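In what follows, a structure is listed as structure tokens, so that the remarks can point back to it.
The values are calculated or read from the model by the stated rules, or taken from the named source; none is laboratory data. Predicted model, so just to flag it, every value in this text is computed and none were measured. Neighbour counts run over all protein chains shown; Cβ positions are idealised from the backbone, glycine included. In case anyone asks, the SASA skips ligands and DNA or RNA and just uses the protein heavy atoms, side chains included. Shrake-Rupley method; radii C 1.70, N 1.55, O 1.52, S 1.80 Å.
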Amino acid sequence: MQSLTIQSDVVNPPPPDPAPTINGFSVSPTKITQGGSATLAWDVANAQNVSINQNIGSVANKSSGVVKPKVTTSYTLTATNSGGSSTRSVTVT
């Protein structure tokens with residue numbers, strides 16, 4: 001009796017991307033007077049999309065921008081890719 005050997009080349013899919021990493025999201029100063037401004041700064045790695053709420057929208061992975069809120073306002077940075085999402089928030093009072 002002959003033995004039969006079956007060889008199968010199984011190809012495993014690549015592992016999913018790691019979720020994005022928010023290396024930093026800050027605001028300076030955190031307290032402003034009426035009519036004042038503050039600077040948001042962020043640094044994100046491994047993201048396909050990065051956005052900030054409060055009608056700011058899509059932004060680069062590493063940048064900064066000036067905001068002039070009239071009242072206490074929280075800003076949430078959201079970074080996404082195929083591996084998931086990460087968020088971080090800061091508040092200007």
Quick check: is even one residue across the range 27-36 touching a Leu at 6+ places or on another chain (Cβ under 8 Å) and over 14 Å from Ser85 (Cβ atoms)?
yes
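Regarding Asn46, is this residue polar (S, T, N, Q), open to solvent by 40 Å² or more (accessible area, probe 1.4 Å), within 30 Å of Pro13 (Cα to Cα) and within 10 Å of the chain's Cα centre (by Cα)? Break it down stepwise before answering.
Details: polar (S, T, N, Q): yes; open to solvent by 40 Å² or more (accessible area, probe 1.4 Å): yes; within 30 Å of Pro13 (Cα to Cα): yes; within 10 Å of the chain's Cα centre (by Cα): yes.
Judged against the criteria, Asn46 is a match.
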Residue tally, condition touching a residue at least 12 places away in the same chain (Cβ under 8 Å) and part of a strand (DSSP E or B), over the range 51-61
2
Selected residue (criterion: most open to solvent (accessible area, probe 1.4 Å)) from residues of the range 61-71 that are touching a strand residue (DSSP E or B) at 6+ places or on another chain (Cβ under 6 Å) and of a type in the set (A, V, I, L, M)
Val66
Under 6 Å between Cβ atoms, which residue pairs at least 6 apart in sequence (or on different chains) link something in the range 34-50 that is farther than 12 Å from Ile22 by Cα and free of Cβ contacts under 8 Å to residues at least 40 places away in the same chain with a partner that is open to solvent by 50 Å² or more (accessible area, probe 1.4 Å) and part of a loop (DSSP other than H, G, I, E, B)?
Ser37/Lys68
Look through Ser58, Ser74, Ser51, Ser82 and report the one residue that is open to solvent by 30 Å² or more (accessible area, probe 1.4 Å) and within 15 Å of Ser28 (Cα to Cα).
Ser74
Of the criteria (1) closer than 17 Å to Tyr75 by Cβ; (2) in contact (Cβ under 8 Å) with a residue 40 or more places away in the chain, which one Pro16 fails
(1)
Just name the residue that is farthest from the chain's Cα centre (by Cα) out of those in the range 1-43 that are acidic (Asp, Glu) and not in a strand (DSSP E or B).
Asp9
